[in-house]
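Sharing a structure here in structure tokens format.
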Amino acid sequence: MLRQRLVICSVVALVVSALVYALNVSTPTAVAQPDPGSRAGSSAQPGTALSSQDISLEQARAAVDAAVAKSREMNVKMNIAVVDAGGNLKGFARMDGAWLGSIDIAQKKAKTARYFDMPTGEVGKLSQPGKPLYMIEVSNQGLITFPGGVPIRTQGDVVIGAIGVSGSTVENDDAVARAGAGAVK
């Protein structure tokens, strides 16, 4: 009976310790928030809905097609993912023979580029030890912080989505992603 109580107490202590650890890891540090009444950084009036632009299916297909064409030109087999303005998968292609393990990487590169509206290689520079985004790659169910993810912008410089490419060297991945992003008008 005593042994069972000790085991139960040990299990309870482990669960409590895990919860405390999880809360400490996931609790963000205090960040100054703008006064909700000031609407800092927003041109919308209180009670007015914000508008946004999103990549169309045709634009996503154009990005994928251009990326596939660039991949063939470079003789590499790629996984190509396009996400919309909300970071949701909008288009995808896995070229014949492309690595299965690169499917997830391509999608995460696209999401990372959209979440931060910058190429993933730039996020990587900022996420090195001692830099402001150190360890950011463990957030958002995993980010990719090396080249191959690029935001897709309108001619008016509005981000409407992003493309992520994986399957070769990061230099090749980046070149293919840029070709895909450049095809969107």
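None of the figures in this text is laboratory data; all of them are computed from the coordinates on show. Being a predicted model, the structure only gives us computed values, none of them experimental. A quick note on method: Cβ atoms are made from the backbone with ideal geometry, for glycine too, and the neighbour counts reach across all protein chains shown.
How much of the calculated P(r) for region 57-182 lies past 21 Å, in percent of all Cα pairs?
The proportion of pairs with Cα distances above 21 Å equals 30 percent.
Quick one: dipole size for region 57-182, taken about the Cα centre, charges +1 on Lys/Arg Cβ and -1 on Asp/Glu Cβ, in debye to the nearest 20.
My answer is approximately 100 debye.
So, in region 57-182, how many Lys pairs have Cα atoms under 23 Å apart, if the pair is 8 or more places apart or on different chains?
17
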